[in-house]
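Step one of this worksheet: look at the structure below.
The values are calculated or read from the model by the stated rules, or taken from the named source; none is laboratory data. Keep in mind that this is a model prediction, so the values were computed, not measured. Positions of Cβ are generated from backbone atoms using ideal geometry, with glycine treated the same way; all protein chains shown enter the neighbour counts. For the accessible areas, the whole protein counts, side chains as well, though only heavy atoms, and no ligand, DNA or RNA atoms are used. Shrake-Rupley method; radii C 1.70, N 1.55, O 1.52, S 1.80 Å.
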Amino acid sequence: MTANRPVPAWLSDAVLYQVYPQSFADSDGDGIGDFAGLTERLEYLHWLGVDAVWLNPCFASPFRDAGYDVDDYLTTAPRYGDAAALAELTDRAGRLGIRVLLDLVAGHTSDQHPWFRASAADPTDHRYIWADHPAERFAPSPGSRPGWYLPNFFDFQPALNFGYARTDPAEPWRQGIDAEGPRANRAALREIMAHWLGLGIAGFRVDMASSLVKDDPGKVETGRLWTELRGWLDDRHPDAALLAEWGDPGRSVPAGFHGDFLLQFGGDQDGRPLRSLWHNGTGTDQDGWPPEPCYFDAEGKGDIGVFLDAWRTADRAVGTTGRIVLPTSNHDFSRLACGPRTPDQLAPAFAFQLTWPTLPAIYYGDEIGMRYVPGLPDTEGSTLGPRYNRAGCRTPMQWDATPGAGFSAGTAHPYLPLDPDPGRPDVATQRADESSLLHLVRHLIALRRSHPALGAHGSLDVLHTGYPLVYTRGDRFLVVVNPRREPAAVHLPDLTPRQALATRGVHLTGPELRADGFSYGVFAL
């Protein structure tokens, strides 16, 4: 690995906000969110206090996998607007101090991409991975070229050829990482990134970032690929962000990413650390995930140690070279408000997420307690298994209490059905109520900005695991979180809180700290 420039200053302690563009705000009434709709809502994001917005893929696509099947990396999807509309978005956001990041699908394209159509007709084209006889996971050629190609996810997403870490003469499709096709694809990544960075985009979140080099034990060659790309980025675009969908910060950050998301998958424990926080067995639930209680559960049977051990290991590996990103949820994973979890349980979760030494990433709508909506039809590839339907976490943003929730300017059916619950939360109602979850999230973001010791850089000392979770930040702040229904207590000698900064149900009397059910507290020492 080579030495990289420091994390860009703007990203160093940023609060990220993920927007699923087709579900955020519809300006033209066709039922699908768009750039102009998001532009109209930037004031809200500025008021909330976020530093950067990253958008799920906005490139031209057949949308068989919600845009993760790209057929033109240099053109925006017409459903969202043209390049001028995206430029207006980035310009307006920049004037409000908000940067815009795009989702880069680096490992595969749509089978409708001109590259793949050409490759499916030309046996000498090695932009994709082709075998001359059936092999595991390969799909039959759709063109005049005989043979089979390797998909990266769905069959309609052929894997771009970045080479194999281990070659085998008996399997000639296992080209080395410096073969012609892999070299062309590495160059294409730079060209795509340079194009959008030149138009004002602040960086990228890279989809399936660990998937590029195949048969790569320890992801060593994949890491070298990203290290090389990071060197180019540092040289040409030193203020740009590079974030990974890898789920293993201890590997991805030393490889060159500025940050990596803890995810419901990835790493040596296949995403268990994040699931041990939020996953209550409802919503998106995958076969093979062992059932276990999460820490932020009303019954109070979870073990915060699973997360703590993984975070400490990753933090040691990352050091000061990058950041670990902790999301509330994402477009592939259940929202915080899922299944039996009540609105009261969400406040302790945010008190934890926004005071832990990571970069927080808020999934759109989680800040008001939007819920995962079960039972929705498969939409643009949302269903991955009998108990894993991603549509439930992709429903339209709830802006107000009108029948259409303020999502669309027209009467067309939205991209996905609205939450049918008559008591569904919305921005307008919560913005008018200073006791709401939305105001708490805004207040916690403001505290983080005002007191860097509460952010990604401040030291951490965990004083009590179990219930309640108690820790100090920078020896200046005390944080208490009790996400269970039952009260909890702990003795904390030698701590004298000077000021309550954000509290609900936490009481300190001498050395005893008592935390009501679903309580939290942030105190200055």
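When the residues of the stretch 110-136 are filtered to those that are in contact with a Pro (Cβ under 9 Å, 6 or more places away or on another chain) and modelled with pLDDT under 95, which remaining residue is nearest to E171 (Cα to Cα)?
Going through the qualifying residues, I end up with D132.
Hey, among P172, P182, which residue is in a helix (DSSP H, G or I) and under 18 Å from D125 (Cα atoms)?
P182
Run P291 past the list (1) in a loop (DSSP other than H, G, I, E, B); (2) buried (at least 22 other Cβ atoms within 10 Å of the Cβ); (3) not β-branched (V, I, T) and report the number of the one that doesn't hold.
It fails just one condition, (2).
Suppose the filter is at pLDDT below 95, surrounded by fewer than 19 Cβ atoms within 10 Å (Cβ to Cβ), on the phi > 0 side of the Ramachandran plot and in contact with an Asp or Glu (Cβ under 8 Å, 6 or more places away or on another chain); does D475 pass it?
Yes: the conditions hold for D475.
Give the residue, chosen from T75, T124, that is within 18 Å of P182 (Cα to Cα), among the hydroxyl-bearing types (S, T, Y) and free of Cβ contacts under 8 Å to residues at least 40 places away in the same chain. Break it down stepwise before answering.
Numbers: T75 fails: within 18 Å of P182 (Cα to Cα).
Going through T75, T124 in turn, just one is within 18 Å of P182 (Cα to Cα), among the hydroxyl-bearing types (S, T, Y) and free of Cβ contacts under 8 Å to residues at least 40 places away in the same chain: T124.
Output the residues belonging to the stretch 322-377 that are touching an Asp or Glu at 6+ places or on another chain (Cβ under 7 Å) and of a type in the set (V, I, T).
I324, V325, T328, I368, V373
For the stretch 162-195, which positions are free of Cβ contacts under 8 Å to residues at least 24 places away in the same chain and either of a type in the set (D, E, K, R) or open to solvent by 70 Å² or more (accessible area, probe 1.4 Å) (or both)?
T167, D168, P169, A170, D178, R183, E191
Being in contact with a helix residue (DSSP H, G or I) (Cβ under 8 Å, 6 or more places away or on another chain), open to solvent by 30 Å² or more (accessible area, probe 1.4 Å) and in a strand (DSSP E or B): is that true of L104 here? Even if it seems obvious, please write down each step before you answer.
Values: in contact with a helix residue (DSSP H, G or I) (Cβ under 8 Å, 6 or more places away or on another chain): yes; open to solvent by 30 Å² or more (accessible area, probe 1.4 Å): no; in a strand (DSSP E or B): yes.
Criteria not met by L104.
State yes or no: is G466 under 19 Å from S519 (Cα atoms), out of contact with any Lys or Arg (no Cβ under 6 Å at 6 or more places or on another chain) and surrounded by fewer than 21 Cβ atoms within 10 Å (Cβ to Cβ)? Spell out how you get there, then give the answer.
Details: under 19 Å from S519 (Cα atoms): yes; out of contact with any Lys or Arg (no Cβ under 6 Å at 6 or more places or on another chain): yes; surrounded by fewer than 21 Cβ atoms within 10 Å (Cβ to Cβ): yes.
Answer is yes for this residue.
Could you go through the stretch 222-237 and let me know if any residue there is surrounded by fewer than 18 Cβ atoms within 10 Å (Cβ to Cβ) and over 21 Å from R186 (Cβ atoms).
Looking for residues that are surrounded by fewer than 18 Cβ atoms within 10 Å (Cβ to Cβ) and over 21 Å from R186 (Cβ atoms), one finds none in the stretch 222-237, hence no.
Kindly check whether there is at least one residue in the stretch 62-69 that is farther than 22 Å from T383 by Cβ, in contact (Cβ under 8 Å) with a residue 24 or more places away in the chain and part of a loop (DSSP other than H, G, I, E, B).
Taking every residue of the stretch 62-69 in turn, none turns out to be farther than 22 Å from T383 by Cβ, in contact (Cβ under 8 Å) with a residue 24 or more places away in the chain and part of a loop (DSSP other than H, G, I, E, B).
Consider P396 carefully, then state whether it is farther than 28 Å from V522 by Cα, open to solvent by less than 10 Å² (accessible area, probe 1.4 Å) and in a loop (DSSP other than H, G, I, E, B).
yes
Taking G375 as the residue in question, decide whether it is open to solvent by 30 Å² or more (accessible area, probe 1.4 Å), more than 16 Å from the chain's Cα centre (by Cα) and under 16 Å from F333 (Cα atoms).
yes
Run down G97, G81 and say which single residue is closer than 21 Å to Y44 by Cβ, open to solvent by less than 50 Å² (accessible area, probe 1.4 Å), more than 21 Å from the chain's Cα centre (by Cα) and in contact (Cβ under 8 Å) with a residue 24 or more places away in the chain.
Testing whether each residue is closer than 21 Å to Y44 by Cβ, open to solvent by less than 50 Å² (accessible area, probe 1.4 Å), more than 21 Å from the chain's Cα centre (by Cα) and in contact (Cβ under 8 Å) with a residue 24 or more places away in the chain leaves just G81.
Answer with yes or no whether D215 is touching a Lys or Arg at 6+ places or on another chain (Cβ under 7 Å) and exposed (fewer than 15 other Cβ atoms within 10 Å of the Cβ).
Yes.
Take the conditions in a strand (DSSP E or B) and crowded, with 20+ Cβ neighbours inside 10 Å and apply them to L89. Does it pass?
Taking the combined requirement at face value, the residue does not satisfy it.
Can you pull out the residues in the stretch 439-463 that are crowded, with 23+ Cβ neighbours inside 10 Å and in a helix (DSSP H, G or I)?
Keep residues of the stretch 439-463 that are crowded, with 23+ Cβ neighbours inside 10 Å, which gives 441, 444, 454-455.
Within the stretch 439-463, V441, L444, L454 qualify.
Determine which member of the set S27, S23 is of a type in the set (S, T, Y), more than 21 Å from the chain's Cα centre (by Cα) and over 25 Å from G223 (Cα atoms).
On the way: S23 fails: more than 21 Å from the chain's Cα centre (by Cα).
From the options S27, S23, the qualifying one is S27.
Here are the criteria: (1) closer than 30 Å to T379 by Cα; (2) in contact (Cβ under 8 Å) with a residue 40 or more places away in the chain. Tell me which single one G455 does not satisfy.
That leaves (1) as the condition not met.
For D287, are the conditions met, namely being over 24 Å from G458 (Cα atoms) and modelled with pLDDT under 95? Spell out the reasoning first.
Values: over 24 Å from G458 (Cα atoms): yes; modelled with pLDDT under 95: yes.
Yes, satisfied.
Which numbered condition in (1) charged (D, E, K, R); (2) over 18 Å from A25 (Cα atoms); (3) in contact (Cβ under 8 Å) with a residue 40 or more places away in the chain is the only one that E136 fails?
Among (1) charged (D, E, K, R); (2) over 18 Å from A25 (Cα atoms); (3) in contact (Cβ under 8 Å) with a residue 40 or more places away in the chain, E136 violates only (3).
Given the options F296, F333, F307, name the one that is of a type in the set (F, W, Y) and closer than 14 Å to R371 by Cα.
On inspection, the qualifying residue turns out to be F333.
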